[in-house]
Amino acid sequence: MPSRVTSPITPGNLAAVTESFSLAYVPGVTPGKWARIWSERLPRVPLHLLQVPPGEAEAKIRDRGADAALLRLPIDRTGLHAIPLYTENTVVVVPKDHLIAAADEVSTVDLADDVLLHPLDYTLGWEQPPGELALHRPATTGDAVELVAAGVGLLVVPQSLARLHHRRDLTYRPLTDAPESQVALSWLEEETTDLMEQFIGIVRGRTVNSTRGRQPEPAKPKAKPKPKAQPPKKPQQRGAPRRGKPRRRG
């Protein structure tokens, strides 16, 4: 596990930072934008990207093989923080000559007569998928896409995975009433470090001028200075008698 910083990271002490940050991510998730922002804001802190199979992302965090992970929910949140980031559209992958390819979008009713592939790394929590489940479960989503191309069956996945495994002989269509996949940022509860706070700020869209790292303790209000004692005012004297020559009495 990469070492941790012990003091808040600020532009003033950035030059002294030598730690690194490791981020695991599952297939279909693209951390490139956030990685670019990281390199701009923390150029002296390397960000290591680790692609992991969907079923290993949670364990990667718990084993401290990565500081955080971009993964798909649901997960066992015991001892973990998880910030949902966005929801993915669900699509069905079909051969280009399939009837579904002629539609703009489909529903689960349209899949009632089709065979659906259910890979072992399946990411959608679908208790009762439509159609008929294939007897053979391919090991990975990539293997399932190959079987779709071979005409064995269809595959329902998040749209990002359909794009990742794109083939010229296949296409995909939105599935309007299927479960959706939610991508989240997750990390150990006891490992909310300053670098972790930095990355949370990036994925949440905080600007470079926003408060970074842990919030500093509020400064105690300064005591108002006591007003200086004013010197006592001198009593006003009555008008002094006029000086001059006295008048002569008649």
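The values are calculated or read from the model by the stated rules, or taken from the named source; none is laboratory data. Note that the structure is a prediction, hence the values are computed from the model and not measured. Note that each Cβ is placed from the backbone with ideal geometry, even for glycine, and that neighbours are counted across all protein chains shown. The protein model used for the area step is the full one, side chains on, heavy atoms only, and it has no ligands, DNA or RNA in it. Shrake-Rupley method; radii C 1.70, N 1.55, O 1.52, S 1.80 Å.
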Exercise for the section: Restrict the check to segment 122-133 and report whether at least one residue is of a type in the set (D, E, K, R) and closer than 17 Å to LEU164 by Cβ. Expected result: no
Practice task
Select from segment 42-64 the residues that are open to solvent by less than 80 Å² (accessible area, probe 1.4 Å), within 16 Å of THR193 (Cβ to Cβ) and not β-branched (Val, Ile, Thr) and list them in ascending order.
Solution key: LEU42, PRO46, LEU47
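Table: residues versus (1) more than 30 Å from GLU127 (Cα to Cα); (2) exposed (fewer than 15 other Cβ atoms within 10 Å of the Cβ); (3) in contact (Cβ under 8 Å) with a residue 60 or more places away in the chain.
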{"position": "ASP169", "(1), (2), (3)": "no, yes, yes"}
{"position": "TYR172", "(1), (2), (3)": "no, no, yes"}
{"position": "LEU175", "(1), (2), (3)": "no, no, yes"}
{"position": "GLU191", "(1), (2), (3)": "yes, no, yes"}
{"position": "GLN198", "(1), (2), (3)": "yes, no, yes"}
{"position": "GLY205", "(1), (2), (3)": "yes, yes, no"}
Completion exercise
Looking across segment 66-83 at residues that are closer than 17 Å to MET196 by Cβ and open to solvent by 30 Å² or more (accessible area, probe 1.4 Å), the single one that is modelled with the highest pLDDT is HIS81
